[in-house]
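This report concerns only the one structure given below.
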Amino acid sequence: MGLERRGIKDPKVFIPYHNVAYARDEDAQLLFKQTYKAPGEYPEAYKLYRKILAEQPDGSVTIASVGFVTSLAHLLQSVPDELSPLNGVELVRKKVKNIYLMGGVFGEAVEPDYNFTQAIDFSLKFFELWPKELDMIFSPGEVGDPLRYPDDQVISDIWWTECHPIKWVYEYLQCDTGQKMWDPLAVINAVEGDDIYTLSERGWVELTPRGETIFTPDPKGNCRYQLPGDEVWCDTVLKYIRLMAIQH
């Protein structure tokens, strides 16, 4: 795990997972084992990216990006170091195959995307520097909107243990997103591939200074985005997500 030390200040947190680090039992002992004891022990996120990428075969890496693209922006702006003689853009171009991003608003709507807007300076730099020959597949908010996984269902599905970080958060902290399944859709797409999704035609995506994602169709473009599914599709994917929690 890497730590972003130069990200945006005071971001809006919808689910306070960071409080898991402070969860304790009745004897005041930490509930969950921590890999590092102090924030200073975590490597910087972009440096961890550089280390991992440098060790991988060329053209082999798929990145799943949820939340802000701050660390990716820093990676692309990075310079040669002890980990690789390549700068960030060169390293990504050599090692990465594609990226799946949770973000964007497409279809008929033209409106700012939350993730890109909250970190707009980083987002603009990311879009500017990302190599145009590497595929980008977006999971826009409108695809995840119908997939709601209620708090009580999450807690019920993790019946097999009392000590679980997600279960603890849902039981003891306030989660105000309505549990929409935005982020998992990008991760599932990255891991499982495109077969269960319907994707748009190819094209280019421009990010405006207001955080809008403007799609221009072009068979040579590197961008596609997930299209919203019907009720049956949404139900099937939500059951798949629930199964991962139940089967642990």
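The numbers here are math on the coordinates, done by the rules we state, and not lab data. None of these values were measured; they are calculated from a predicted model. Glycine also receives a Cβ, built like all others from the backbone with ideal geometry; neighbour counts cover every protein chain displayed.
Here's the yes/no breakdown for (1) surrounded by fewer than 23 Cβ atoms within 10 Å (Cβ to Cβ); (2) basic (Lys, Arg); (3) out of contact with any strand residue (DSSP E or B) (no Cβ under 9 Å at 6 or more places or on another chain); (4) more than 22 Å from Gly203 (Cα to Cα):
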residue	(1), (2), (3), (4)
Gly67	yes, no, no, yes
Gln77	yes, no, yes, yes
Asp81	yes, no, yes, yes
Ser84	yes, no, yes, yes
Val96	yes, no, no, no
Val105	yes, no, no, no
**Request:** Kindly list the number of the only condition in (1) surrounded by fewer than 15 Cβ atoms within 10 Å (Cβ to Cβ); (2) more than 19 Å from Asn87 (Cα to Cα); (3) more than 15 Å from the chain's Cα centre (by Cα) that fails for Met1.
**Result:** (3)
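Give Asp183, Asp194, Asp218 a once-over and let me know the one that is farther than 21 Å from Ile63 by Cα and either surrounded by fewer than 20 Cβ atoms within 10 Å (Cβ to Cβ) or not aromatic (Phe, Trp, Tyr) (or both). Even if it seems obvious, please write down each step before you answer.
Details: Asp183 fails: farther than 21 Å from Ile63 by Cα; Asp194 fails: farther than 21 Å from Ile63 by Cα.
After ruling out the rest, the residue left standing is Asp218.
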**Prompt:** What tally of residues in the stretch 107-137 results from selecting those that are of a type in the set (Asp, Glu) and either in a helix (DSSP H, G or I) or surrounded by 15 or more Cβ atoms within 10 Å (Cβ to Cβ) (or both)?
**Reply:** 4
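For the condition more than 20 Å from Ile8 (Cβ to Cβ), surrounded by fewer than 18 Cβ atoms within 10 Å (Cβ to Cβ) and either of a type in the set (S, T, N, Q) or touching a residue at least 12 places away in the same chain (Cβ under 8 Å) (or both), what is the one hit in Pro140, Pro146?
Working: Pro140 fails: surrounded by fewer than 18 Cβ atoms within 10 Å (Cβ to Cβ).
Going through Pro140, Pro146 in turn, just one is more than 20 Å from Ile8 (Cβ to Cβ), surrounded by fewer than 18 Cβ atoms within 10 Å (Cβ to Cβ) and either of a type in the set (S, T, N, Q) or touching a residue at least 12 places away in the same chain (Cβ under 8 Å) (or both): Pro146.
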**Candidate set: the stretch 134-156, residues that are among the acidic types (Asp, Glu) and farther than 22 Å from Phe68 by Cα; chosen: the one farthest from the chain's Cα centre (by Cα)** = Asp152
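Might you let me know whether the stretch 20-39 holds any residue that is among the basic types (Lys, Arg) and under 30 Å from Gly193 (Cβ atoms)?
No - not one qualifying residue is present in the stretch 20-39.
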**Qualifying positions in the stretch 57-102 - over 21 Å from Gly193 (Cβ atoms) and among the acidic types (Asp, Glu)** = Asp81, Glu82, Glu90
